[in-house]
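**Q** Have a look at this one.
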Amino acid sequence: MRADSPRITGPTLKVLKELMQRPSGGLSGAEIARATGLASGTLYPLLFRLEKSAWLKSKWEDVSPSEVKRPRRRLYQVTALGEAKTREAFKEFLPDLTEPLWQL
Amino acid sequence: MAIVTVLLPFVIAIAAQLFADEAKAWLPWLTQRIVSLAVHLLPLDQRERYGEEWPGHIDEIPGDIGRVLVAIGFVFAGLAISPDSSEQDRADASVERPVRARGMKYIPGRSNFGLLPEPEGRSLAFVISSSVNTAILATLLLAGMAAKPVVLGAPMPVIFFGVADLTPHNEAGHSAAVSAAPRQTARYILIDGQP
């Protein structure tokens, strides 16, 4: 994974904000799509770029597909770098940021 | 005319119901095909991951039509991710360059020829590759069989492929009981007169 910074766009901030609101466990692509209202065609390239830049990390859900009778989900989490960059980006757009990000 | 006016709504309702049932039965198949297409648009090193991740996403969508729409979105995602060429693709490109320099066209995962099938090839490529490989192996085997006596100093064998008529014959050389029993034949290979 390269550490090039991705472009900060509205959808990017939406995704990062959503992931930072629920730091434990991570969110699947479908959950992020539901929460942000982004279409799959927009969401996955965005997640791909964020992960490539090491702002996000992902891991497979720790279940056996044969036991749960459905495909495994890939869970996305914000990295420390991603969190720092997101806060920077929010401060840039909202300089008077005083409250926690998840209350925005 | 009055009968047609009365019956037409029923006919339309039945036809619509049949059409809806048929569409409902085909939609999961269509969704699966679209997801496969989207996965094939991705760089090689990403296909395995998204090939598992996207069906998982589809599984979380409740309705069949919603699933098709999400799957269509994956096609756009596949197209968008492709230009972001990955490290693996760059590594593949570094392999591709020297091959190109010799005037050969090599597309990783899409070659039809070679002694072993390409693991990432399409099913058609696999079948063609398997056939070619079988032909190569058969040729080598026959060449080896023909070469063995030469190497060992024995006379060259006569190899004959054919179909033998095993139907019992009478003294005159005609088939006996042709009408009573089916003709019995067997494929065989004769080497030096020995089956």
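**Q** Looking for something farther than 18 Å from B:E53 by Cβ and basic (K, R) - is there at least one such residue anywhere in the range A:35-50?
**A** We begin by selecting, within the range A:35-50, every residue farther than 18 Å from B:E53 by Cβ; these are A:37.
Then drop every residue that is not basic (K, R), which leaves none.
Checking the range A:35-50: not a single residue is farther than 18 Å from B:E53 by Cβ and basic (K, R).
**Q** Here are A:L104, A:L56, A:L81: which of them is out of contact with any Gly (no Cβ under 6 Å at 6 or more places or on another chain) and at pLDDT 90 or above?
**A** Selected residue: A:L81, the only one of A:L104, A:L56, A:L81 that is out of contact with any Gly (no Cβ under 6 Å at 6 or more places or on another chain) and at pLDDT 90 or above.
**Q** Return the residues of the range A:22-42 that are under 10 Å from the mean Cα position of the chain (by Cα) and facing chain B (nearest Cβ under 8 Å); say none if nothing qualifies.
**A** A:S28, A:G29
**Q** If B:P83 satisfies all but one of (1) modelled with pLDDT under 90; (2) part of a helix (DSSP H, G or I), what's the number of the condition it fails?
**A** Answer for B:P83: the failing condition is (2).
Each row is one residue, and each column tells you yes or no for (1) more than 13 Å from every other protein chain (Cβ to nearest Cβ); (2) under 23 Å from A:S58 (Cβ atoms).
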site: B:F19; (1), (2): yes, no
site: B:A23; (1), (2): yes, no
site: B:L41; (1), (2): no, yes
site: B:E52; (1), (2): no, yes
site: B:V68; (1), (2): no, no
site: B:G73; (1), (2): no, yes
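**Q** Then there's this: State yes or no: is B:I14 at pLDDT 85 or above, loosely packed, with under 12 Cβ neighbours inside 10 Å, away from chain A (no Cβ under 13 Å) and more than 21 Å from A:R34 (Cβ to Cβ)?
**A** Considered against the rule, which asks whether it is at pLDDT 85 or above, loosely packed, with under 12 Cβ neighbours inside 10 Å, away from chain A (no Cβ under 13 Å) and more than 21 Å from A:R34 (Cβ to Cβ), B:I14 comes out as yes.
The values are calculated or read from the model by the stated rules, or taken from the named source; none is laboratory data. These figures come from a predicted structure and were not determined experimentally. Cβ coordinates were reconstructed from backbone atoms using ideal geometry, including for glycine residues, and neighbour counts include every protein chain displayed.
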